[in-house]
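Down below is the structure, laid out as structure tokens.
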Amino acid sequence: MADYFIGLMSGTSLDGADGVLVDFSGARLRVLAAATEPFESRFRAELLALNTPTDNELHRAALAGSQLAAVYARVVKTLLENAATQGIAPSQIQAIGAHGQTVRHQPQRTSAEPAGVGYTLQLNNPALLAELTGMNVVADFRSRDVAAGGQGAPLVPAFHQSLFGRTEATVAVLNLGGISNLSILPAGAGAPVLGFDCGAGNALMDAWCQQHTGQPFDAGGAWAASGKLVPALLASLLNEPYFSQPPPKSTGRDLFSLSWLAGKLQGFSAEQPQDIQHTLAEFTLSPCIKGINSYGKDSKELIVCGGGAFNQHLMRRLQAGLPSLRVSASDQHGLPPLQVEAAAFAWLARQAIRRQPGNLASVTGAAGPRVLGAIYPA
């Protein structure tokens, strides 16, 4: 019996929207179609601006949410055109899982707030997306977990377990997106899955590269590889309280922003830009390696997904820092690196439609399992 879902994702890197059409009917999921649409530079700049307080930001956020829904709808249109060549009609697809664009992530409880809970905010207009596509849409996946006392992130470890988990070996999965997050998938079914955000992923490296080379990212990590480490700067970057916090924990551009980096770079103006980039790469990887050594020391393999999986410099440095593990990209395990997160939100939409939990309390710290997401009927 057909079991089709679409997953849509636009991550912290702000490079565009990714979509996949997934068939869950077999013993192992199959991605039947994939599509992506890059963000226009003006839209990307607007999303970046909405990460910090601005004038009239509520109006601008509403417009940006609608613009994102239109981008999502175009991705869905491409997926449906591909599906049609495989004999799959839109009516056969049960729902779209649309993550939205995170612009605030403050899940920590605070006694100053009346309800004592934090919040997470993803720009989106799922009602408009349902209108544009004529399909069921599931969105707002994170807020229920936060309401239950959780971090609301990362949500992908449960999906990672279903896709990459093994009975005979502990596996670590590292998503190197704009923010890096780690999943530890223990062997067998006894021990709980662990997961947390490690810190800045590609976000700061991409911003530095854009500023100094005009390129949106450091292709293959070649520019970083041409530089050398600035030890004092690396120590300053790592001297951030977030890194000493135990899981569960999550973070985002709220913390690891360009203004945060600018403050850390004071006193290092004489350094060569490529040396800063090299040091930012080490800063990205150091908390990831430490996290694996601290919480996944029994791991036999590290599977890497996200845009960072295409950065050969990062992949080489990961392997050097974890010599006892086999480090490989997720495409060697059945799913290309840029499809993993979108597929995860297709899976989460499926969980919501079936009224099954999508979070793991062992990861987010929520009071227990919760059905995640709000459903917008076709």
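Coordinate-derived values only; no laboratory data. Here the structure is a predicted model, which is why all the values come from computation and not from measurement. Cβ atoms come from the backbone with ideal geometry, glycine included; neighbour counts cover every protein chain shown.
Sorting Phe268, Phe283, Phe217, Phe141 by the number of Cβ atoms found within 10 Å of their own Cβ, with the fewest placed first, yields Phe268, Phe217, Phe283, Phe141. Using the Stokes-Einstein relation with a Kirkwood hydrodynamic radius computed over Cα pairs, the translational diffusion coefficient of the chain at 37 °C and a viscosity of 0.692 mPa s comes to 157 µm²/s. Checking the Cα-Cα distances for Lys249/Lys297; Lys77/Lys249; Lys228/Lys249; Lys228/Lys297 against a 25 Å cut-off, the pairs over it are Lys77/Lys249; Lys228/Lys249; Lys228/Lys297.
Counting neighbouring beta carbons within 10 Å and listing from fewest to most, the residues Ile276, Ile6, Ile184, Ile353 come out as Ile353, Ile276, Ile184, Ile6. Each Lys or Arg adds one and each Asp or Glu subtracts one; over the other residues with Cβ under 15 Å from the Cβ of Glu168, this totals +1. A helix-only calculation puts the chain at -11000 deg cm²/dmol for mean residue ellipticity at 222 nm, using -39500 (n - 2.57) for each DSSP H run of at least four residues, averaged over all residues.
If you take all other residues with their beta carbon under 15 Å from the beta carbon of Leu237, and give Lys and Arg +1 and Asp and Glu -1, the sum is -2. Neighbours of Pro369, meaning other residues whose beta-carbon lies under 14 angstrom from its beta-carbon, give a summed charge of +3 when Lys and Arg score +1 and Asp and Glu score -1.
For the stretch 142-197, the equivalent ellipsoid built from the Cα gyration tensor has semi-axes of 21, 14, 8 Å, listed from largest to smallest. Antiparallel beta bridges, as assigned by DSSP with both residues in the chain, represent about 65 percent of the total such bridges. At a Cα cut-off below 21 Å, give the lysines reachable from Lys300, other chains included and same-chain residues fewer than 8 away excluded. The reachable lysines, counting only those whose Cα sits under 21 Å from Lys300, are Lys290.
Of all alpha-carbon pairs in the stretch 157-337, indicate the percentage at a distance above 24 angstrom. Taking all Cα-Cα pairs of the stretch 157-337, the fraction more than 24 Å apart is 35 percent. Cβ crowding within 10 Å, taken as a proxy for footprinting-reagent exposure, orders Tyr295, Tyr72, Tyr376 from fewest neighbours to most as Tyr295, Tyr376, Tyr72. Between Ala367 and Ala262, the contour length at 0.36 nm per residue exceeds the alpha carbon distance by 34.1 nm.
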